[in-house]
Amino acid sequence: IIYCDPYFSETDLEFLKFVLSANPSASVTILTSRNGINLSSFSAESYYSHWRTLNDTQDPPRTEIIALGNAGSGPIHDRWIISGDCGLGIGTSFNSIGSKLSEIRPLDDPDAIGIAAELRKYCMKERIIGGQRIDYLTVNL
């Protein structure tokens, strides 16, 4: 599963509870922006500590959180959940779903396949994407 949210933080870890309930053996890659994170708390300990406030009986699914940076405001803007070649476009942060007017839409096959292919470049930590040099910070849970 690839979850893309340019402002993902510890408070968004609730998403992983839903992954565990749907597929305990799933692995998750979260793509976020370096501009959207707190660099001083971007650590496995910080995320794991917050996870324990949500679930003190289970470990989170295998999760890699990748903060992306470039010379601009960051290479990602929109929010998606991709699994294989299927996906959802999400118009708000995970924690805002249901509390704000927002959109969740299924991606049709060509869109999902194209978006998944682009996001996998970041998951593979390619250095140059779209002519831009990308920097990566990674936390594994």
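The table below lists the values:
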read-out: Surface/4 estimate of mean projected area, convex hull on alpha-carbon atoms of the chain, nm²; value: 8.6
read-out: Probe 1.4 Å, accessible area per residue of the chain, Å²; value: 54
read-out: Solvent-accessible area, 1.4 Å probe, carbon plus sulfur percent, for the chain; value: 50
read-out: Vicinal HN-Hα couplings computed from phi for the range 58-70 (Karplus, 6.51 cos²θ - 1.76 cosθ + 1.60; Hz; Gly/Pro x); value: 10, 6, x, x, 4, 9, 10, 9, 10, 9, 9, x, 8
read-out: Distant-in-sequence amide H partners of I129 (H built 1.01 Å from N, under 5 Å); value: I134
read-out: Rounded to 5, the percent of DSSP beta bridges in the chain classed as antiparallel; value: 65
read-out: Model label zone, S27; criterion: amide N under 12 Å from point 7 Å along Cα-to-beta-carbon; scope the range 106-141; value: 124, 141
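The values are calculated or read from the model by the stated rules, or taken from the named source; none is laboratory data. Computed from a predicted model, the values in this text were never measured in an experiment. We place every Cβ from the backbone using ideal geometry, glycine too, and count neighbours over all the protein chains shown. The protein model used for the area step is the full one, side chains on, heavy atoms only, and it has no ligands, DNA or RNA in it. Shrake-Rupley method; radii C 1.70, N 1.55, O 1.52, S 1.80 Å.
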